[in-house]
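This is the structure, below, for whatever I ask next.
The values are calculated or read from the model by the stated rules, or taken from the named source; none is laboratory data. Note that the structure is a prediction, hence the values are computed from the model and not measured. When we count neighbours, we look across all protein chains shown, and the Cβ atoms used for this are built from the backbone with ideal geometry, even at glycine. Ligands, DNA and RNA are excluded from the accessible area calculation, which covers all protein heavy atoms including side chains. Shrake-Rupley method; radii C 1.70, N 1.55, O 1.52, S 1.80 Å.
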Amino acid sequence: MKRLPLSHPPIRTFLQELSATGVQGFEGLVSSLLTAMTGLRFYVSHSGEQGGRDAKTSSRAGISIAFESKRYKQSTGLKARELIAEMQQATASIPELDLWILAASRSVPEQLVSELEAIAAKDSVDVLILDSLENGKGNLDLLCAAFPEVLDGFFTADRARWIVALGRVREQPGFDARVSRLRNQVEHPEGGWALWRRTRNRDWLTLMQNVDEARARLGQPLALRSAQNRTIVRVSIDQAIDAWWEFNRTETLLLVGEEGDGKSWSVAQWITARIERSTEELPPVIFVPSKDAGTFKTIEQLLALRLGDGSVPMSPEKRLRRWWEAPANRANGPLAFVVFDGLNERESAKYWRSLLEDAQRPEFAGRVALICTARESYWKTHLSDLPHLHLQKITVDPFSEQELREALALRGKSLNDFPPELQLLLRK
């Protein structure tokens, strides 16, 4: 190995000096690092028989992982078409494949990552990038720093300098947590959940800007961010939903009130504000208007329907099975965020009762966050006698005087513009 002129080079400088293939090359290093992290053995493919991967796990491992390694200089471009073709070869030659890993001794463009993820999702396969960055914050840098003993067998020269490089990575904030997340991604691939969340939640934000589309899909013009709608934040309701989400989301949240009090709008407002901060703020949002009731009988059927709606090309049944088994990748958070809007409008109380009970089956505990809206009178008459269900209730009242003033101000009006007998109606 050549002596390097840099006094404190990043890890990738050393990685790029390795030979590309072989047990003592970059390919062998990636294999050894993955084995050190997971305990799984990776079998290196023979030349000419790779089929889109340099190595894969044994079929007896209980999980099917393949990786492709690219030891490149930063100046060497990654060939997108070639990498996509190699991944497709891997998914075709390994039907049971769970995870395809691209390990590179340089950065990987975000656009290429998105293309690989989207194509892999069609075959229900996860993609993981192990990259090496100038600042030492790549996933491959992380692996090297987590298992320095592995590098001893590969870097015989310049030991003092690569030890310094590894130490700098370990000193980065959140190092242990990142290693844990990386291990979970490898040991519990979830085959597209992050892509599904990103797609559904971006779609929600788009829907919130189009009144006609919202009316067609949600049964009412809930397009909060459209030019036609001007909404205020109902602080007390927002805070109550915040508290449920942070501390009690294993319970079903029920918003009750009378017609026109703003139950649906309050839920939509809260969801929209959260997703606007980040599409990763909430699990995939599934907002079910009453007009769609009856098309499913269980929570699992609902999730499969939404997975199979074409928004993300993937096999619903296989995806759901894997996602149930991999809560760690979601930081043990819910798999989906479901809203049943308007229980009083369609279907029988027996139908809704069955769904509410299904949502609280032990296997769903903490995995599906559920909000329901209903008229107070309907709930009291038909569904309130369910003591075995874990419910939290929020009552949505008409606008307070202050809320009404704020809502009117958005429209250039004031309370003084309306006679007292109309003001009660305006609170709706």
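I'm told residue 239 meets every condition in (1) open to solvent by 10 Å² or more (accessible area, probe 1.4 Å); (2) more than 20 Å from the chain's Cα centre (by Cα); (3) touching a residue at least 40 places away in the same chain (Cβ under 8 Å) except one. Can you identify the failing condition by its number?
Just one mismatch for residue 239, condition (3).
Something else now. So, in region 1-14, exactly how many residues are surrounded by 19 or more Cβ atoms within 10 Å (Cβ to Cβ) and either farther than 30 Å from residue 63 by Cα or modelled with pLDDT of 90 or more (or both)?
3
Follow-up. Out of (1) at pLDDT 90 or above; (2) hydroxyl-bearing (Ser, Thr, Tyr); (3) open to solvent by less than 40 Å² (accessible area, probe 1.4 Å); (4) more than 16 Å from residue 371 (Cα to Cα), the odd one out for residue 279 is which?
With (1) at pLDDT 90 or above; (2) hydroxyl-bearing (Ser, Thr, Tyr); (3) open to solvent by less than 40 Å² (accessible area, probe 1.4 Å); (4) more than 16 Å from residue 371 (Cα to Cα) applied to residue 279, the lone miss is (1).
Is it the case that some residue within region 261-268 is touching a helix residue (DSSP H, G or I) at 6+ places or on another chain (Cβ under 9 Å) and at positive phi?
Scanning region 261-268, I find at least one residue that is touching a helix residue (DSSP H, G or I) at 6+ places or on another chain (Cβ under 9 Å) and at positive phi, so the answer is yes.
I've got another one for you. Farther than 23 Å from residue 86 by Cα and either buried (at least 18 other Cβ atoms within 10 Å of the Cβ) or touching a helix residue (DSSP H, G or I) at 6+ places or on another chain (Cβ under 6 Å) (or both) - does that describe any residue in region 186-199? It would help to see each step written out before you state the result.
The initial filter retains those residues of region 186-199 that are farther than 23 Å from residue 86 by Cα, namely 196-199.
So of that shortlist, the ones also either buried (at least 18 other Cβ atoms within 10 Å of the Cβ) or touching a helix residue (DSSP H, G or I) at 6+ places or on another chain (Cβ under 6 Å) (or both) come out as 196-197.
Scanning region 186-199, I find at least one residue that is farther than 23 Å from residue 86 by Cα and either buried (at least 18 other Cβ atoms within 10 Å of the Cβ) or touching a helix residue (DSSP H, G or I) at 6+ places or on another chain (Cβ under 6 Å) (or both), so the answer is yes.
Sticking with this one: Among the residues of region 282-310, which ones are at pLDDT 90 or above, among the small types (Gly, Ala, Ser) and either outside any helix (DSSP H, G or I) or in contact with a strand residue (DSSP E or B) (Cβ under 6 Å, 6 or more places away or on another chain) (or both)?
293, 294
Next question. Would you mind listing the helices (runs of 4 or more DSSP H) fully within region 311-428 where at least 2 residues are within 29 Å of the chain's Cα centre (by Cα) and at pLDDT below 75?
Values: elements: 316-325, 349-359, 401-410, 420-426.
Because the criterion is at least 2 residues that are within 29 Å of the chain's Cα centre (by Cα) and at pLDDT below 75, the helices (runs of 4 or more DSSP H) in region 311-428 that meet it are 316-325.
If we keep just the residues of region 150-170 that are open to solvent by less than 20 Å² (accessible area, probe 1.4 Å) and under 21 Å from residue 34 (Cα atoms), which is farthest from the chain's Cα centre (by Cα)?
155
Of the conditions (1) surrounded by 14 or more Cβ atoms within 10 Å (Cβ to Cβ); (2) in contact (Cβ under 8 Å) with a residue 12 or more places away in the chain; (3) in a helix (DSSP H, G or I), residue 213 satisfies every one except a single condition; which number is it?
Condition not satisfied by residue 213: (2).
Could you tell me how many of the residues in region 244-276 are open to solvent by 40 Å² or more (accessible area, probe 1.4 Å) and either without any contact (Cβ under 8 Å) to a residue 60 or more places away in the chain or over 23 Å from residue 374 (Cα atoms) (or both)? Before you say what the answer is, go through the steps one by one.
The first filter runs over region 244-276 and keeps only residues open to solvent by 40 Å² or more (accessible area, probe 1.4 Å), leaving 246-251, 258-260, 265, 276.
Right, trim to either without any contact (Cβ under 8 Å) to a residue 60 or more places away in the chain or over 23 Å from residue 374 (Cα atoms) (or both) and you get 246-247, 265, 276.
The number of residues fulfilling the criteria is 4.
Quickly run through region 363-388 and pick out the residues that are open to solvent by 20 Å² or more (accessible area, probe 1.4 Å) and either of a type in the set (D, E, K, R) or over 14 Å from residue 345 (Cβ atoms) (or both). Step through it out loud before you land on a result.
Here is the first cut: in region 363-388, the ones open to solvent by 20 Å² or more (accessible area, probe 1.4 Å) are 363, 365-367, 375-378, 380-382, 384-385, 387-388.
Scanning region 363-388 gives 363, 365, 366, 367, 375, 376, 380, 381, 384, 385, 387, 388.
Here's something else I'd like to know. If you check 266, 226, which single one turns out to be part of a helix (DSSP H, G or I) and over 23 Å from the mean Cα position of the chain (by Cα)? Walk me through it before giving the result.
Values: 226 fails: part of a helix (DSSP H, G or I).
The unique qualifying residue is 266.
Turning to a different aspect of this structure: Considering each residue of region 15-29, count those that are farther than 14 Å from residue 72 by Cα and surrounded by 15 or more Cβ atoms within 10 Å (Cβ to Cβ), and give that number.
Here is the first cut: in region 15-29, the residues farther than 14 Å from residue 72 by Cα are 22-24, 28-29.
In the following step, the residues that additionally are surrounded by 15 or more Cβ atoms within 10 Å (Cβ to Cβ) were identified as 28-29.
Residues meeting the conditions: 2.
Residue pairs, Cβ under 8 Å, 6 or more apart or interchain, first in region 295-316 and within 21 Å of residue 358 (Cα to Cα), second charged (D, E, K, R) and modelled with pLDDT of 70 or more. List them.
Listed by first residue and then by second, the contacts come to 298/358; 299/358; 304/317; 306/200.
Continuing with the same structure: Looking at residue 172, is it in contact (Cβ under 8 Å) with a residue 40 or more places away in the chain and under 28 Å from residue 150 (Cα atoms)?
Working: in contact (Cβ under 8 Å) with a residue 40 or more places away in the chain: no; under 28 Å from residue 150 (Cα atoms): yes.
Taking the combined requirement at face value, the residue does not satisfy it.
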